[in-house]
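Notes follow the structure.
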Amino acid sequence: MDIAEFLHMGGHGFYIWGSYGTALFLMVIEGIWVFKRRNKAKKELERMEADFARVDGQGVNG
Amino acid sequence: MSMTRRIPWMKYASASNFYPLADRLVPIFMGLALVLAVIGLYLGFVVAPIDYQQGNSYRIMFIHVPAAWMSMFIYLLLAMYAIISLVWRVKMADIMAYSLAPTGAMFTFIALLTGALWGRPTWGTYWIWDARLTSELLLLFLYLGYMGLYSAIPDRQRASRAAAFLAIVGAVNVPIIYFSVIWWNTLHQGSSFSFSEGASMTDAMLYALLLMALACWAYTIAVVLRRAQALILERKKVALWASQISKK
Amino acid sequence: MHKMLWALFSRDMTLFMHRKQDVVTVLGFFLIAVALFPLGISSDPELLRTIAPGAIWIAALFSTVLALDRLFSEDLDDGTLEQQMLMPVPISLMLLVRLIAHWVITSLPIVLLAPIMGLQFGLAFNEIVILTLSLLVGTPILVLLGAIGAALTVGLKSSGGLVTLLLLPLYVPVLILGSSAVSSVMNGADVTAHFSLMGAALIISLVLSPFAVATALKITLD
């Protein structure tokens with residue numbers, strides 16, 4: 001199949017690829033966003049737990 | 001507890017059991033979404049023949065229809081979780097409801113946008129105030145209202161309960177809105193063009209549509225579980241902070 | 001019981017009456033909003049007649065939303081609301097009384113002014129009657145539904161925009177019914193269906209809305 005012809009979609013290329021392009025873009029962005037948010041929360045929580053553990057440890061010793 | 005053994009899914013109503021389960025499920029559903037979408041798009045773009053009336057533009061259907069379905073399913077699901085969180089005060093239900101909302105709003109937006117892009121070659125205009133597009137637009141406002149109310153209330157307990165209540169009121173209103181818009185449409189004799197889906201659907205089109213819908217489901221499950229995990233951790237952080245402050 | 005409800009009603013009425021400023025604001029808003037349509041669109045009489053039902057109804061709708069801002073906020077601030085929740089009268093009944101008082105103070109003047117607006121847009125006598133009747137049946141529904149949104153957002157900063165966002169989707173069916181009743185009579189069509197649907201909606205919201213508002217207020221005051 002001719003690639004150019006496929007992309008042209010009988011004159012409807014803009015509408016079709018516009019639709020799928022935006023949908024794909026939004027879904028990829030949302031996916032990345034959500035994964036990043038989880039990882040950020042995970043890191044911050046771990047750091048916080050470590051910090052508090054250290055503070056508590058000092059409190060007991062001192 | 002014997003309760004948990006009899007209803008195993010109740011086990012996952014607690015965040016500590018939910019989290020590791022989500023960790024296992026997210027990659028599976030992400031992969032599933034990818035595979036289903038690739039096969040669905042192959043069927044939809046390569047195998048399915050060109051439509052003699054609409055030309056190739058009908059192929060937008062394979063994203064438009066699943067997105068429109070998802071936008072409605074997700075709102076129903078959100079309302080169900082809202083009922084569970086409001087009546088039985090299950091914290092995970094609130095987290096799930098809140099995690100569903102952005103994805104639902106996104107699918108509503110995709111449905112609107114692809115509907116407009118499909119409308120242009122089919123009707124000659126990007127937007128008509130037809131019953132389906134109009135109620136889809138109102139659904140977007142319902143999602144925005146839910147998220148807006150949730151984030152406007154500083155107290156989390158109140159935010160979750162108020163937003164859940166709003167979601168339920170909205171769900172009761174969805175059919176009323178839908179039928180009133182249809183009625184309005186017939187009154188004003190607007191163009192009541194329907195995408196001629198069922199009429200000339202080949203098997204390939206049907207399977208493509210089905211696979212794309214399943215792909216959207218799998219994507220939704222993966223993303224929503226991930227967001228729920230993020231929320232659990234963020235809330236845990238706040239709780240930890242509060243407990244540390246109170247110790248001093 | 002009756003006495004207590006009547007006492008509540010007259011208390012709410014006097015309280016709302018004391019806030020003349022608010023009533024004037026809402027009415028002024030309605031008048032200006034209606035007057036803006038010809039200025040913004042055209043002074044063509046034929047066109048004005050076509051848009052009249054929608055224009056007047058949309059103005060009434062936004063005036064209702066504007067008025068809702070004062071429905072609970074002051075009573076929340078001075079603690080009256082929490083005390084009223086403890087009264088021997090069922091909360092939903094108390095809220096129904098208050099909503100009726102609110103409608104009498106803020107919406108009834110709009111209904112009464114509607115005929116003048118209709119004249120300005122060149123409506124005929126029977127069209128003005130239908131317009132006024134549709135507002136008479138429709139605005140109580142707007143208040144009853146709107147109270148849910150007001151109860152959910154009471155006490156929040158910048159709640160005005162949020163209330164609008166929450167309520168407009170819920171208001172769509174009422175707007176469609178009300179304004180299309182007027183346009184139908186302009187086209188010489190029968191409007192019994194419009195009014196029976198609106199009447200049914202009014203009865204259902206009269207019965208259900210006080211409970212919904214009570215639930216929403218409990219969530220807020222929890």
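Rule-based calculations on the coordinates, nothing more; no lab input. Given the structure is predicted, the values throughout are model-derived calculations rather than measurements. Methodologically, a virtual Cβ is constructed for each residue, glycine included, from the backbone with ideal geometry; neighbour enumeration extends over all protein chains shown.
Annotations
- In terms of surrounding Cβ atoms within a 10 Å radius of their Cβ, B:V174, C:V24 rank from fewest to most as C:V24, B:V174.
- Segment C:74-158: chymotrypsin sites (Phe, Trp or Tyr not before Pro) in DSSP coil with no more than 16 other Cβ atoms inside 10 Å: none
- At R0 = 35 Å, FRET efficiency that the Cβ-Cβ distance of C:A7 and B:K247 yields, to 0.05: 0.10
- Estimated distance in nm for a label pair at C:L208 and C:A193, the labels positioned 7 Å out from Cα along Cα-to-Cβ: 2.2
- Using only alpha carbons, segment C:2-221 has a radius of gyration to Kirkwood radius ratio (Rg to Rh) of 0.99.
- Each Cα pair under 8 Å and six or more residues apart adds its separation to the average, and for segment C:92-222 the resulting relative contact order is 36 percent.
- Dipole magnitude of segment C:1-127, debye to nearest 20 (Cβ charges: Lys/Arg +1, Asp/Glu -1, about Cα centre): 300
- Across segment C:144-157, coupling constants 3J(HN,Hα) worked out from phi with the 6.51/-1.76/1.60 Karplus curve, θ = phi - 60°, read 5, 5, x, 4, 4, x, 5, 5, 6, 10, 4, x, 8, 6 Hz, and Gly and Pro carry x.
- Both radii are taken from the alpha-carbon atoms of segment C:1-65; with Rh as the Kirkwood radius, Rg/Rh is 1.24.
- The modelled label-to-label distance between B:L34 and B:R235, using points 7 Å beyond Cα along the C-beta direction, is 3.1 nm.
- About the Cα centre, charge dipole magnitude for chain C (Lys/Arg +1, Asp/Glu -1 at Cβ), debye: 240
- FRET efficiency estimate (nearest 0.05) - Cβ-Cβ, B:V90 to B:Y126, R0 30 angstrom: 0.10
- For segment B:70-75, Karplus couplings with θ = phi - 60° (6.51, -1.76, 1.60), whole Hz, Gly/Pro x: 4, 4, 7, 4, 5, 5
- Relative contact order [Cα under 8 Å, 6+ residues apart], chain B, whole percent: 34
- Relative contact order [Cα under 8 Å, 6+ residues apart], segment C:2-221, whole percent: 27
- Per-residue Karplus couplings for segment A:30-45, computed as 6.51 cos²θ - 1.76 cosθ + 1.60 with θ equal to phi - 60°, are listed in order as 4, x, 4, 3, 5, 5, 5, 4, 4, 5, 5, 4, 4, 4, 5, 5 Hz, Gly and Pro entered as x.
- Selection among C:Q120, C:Q84, C:V182 by position relative to the dipole of chain C gives C:Q84 as farthest towards the positive end (Cβ unit charges, Cα centre).
- Over the protein assembly as shown, DSSP H runs of length four or greater, each weighted -39,500 (n - 2.57), average out per residue to a 222 nm ellipticity of -28500 deg cm²/dmol.
- Taking the charge dipole of segment B:23-141 about its Cα centre, with +1 at Lys and Arg Cβ atoms and -1 at Asp and Glu Cβ atoms, the residue from B:A101, B:I83, B:A33 reaching farthest to the positive side is B:I83.
- Computed about its Cα centre, the charge dipole of the protein assembly as shown is approximately 2080 debye, with only Lys, Arg, Asp and Glu carrying charge at their Cβ.
- Coil-residue chymotrypsin sites (Phe, Trp or Tyr not before Pro) of segment B:67-169, DSSP, other Cβ within 10 Å capped at 11: B:W88
- Distance between segment C:11-61 and segment A:10-60 - C-alpha centres, whole angstrom: 47
- Listing C:T192, C:T64, C:T25 from fewest to most neighbouring C-beta atoms within 10 Å gives C:T192, C:T25, C:T64.
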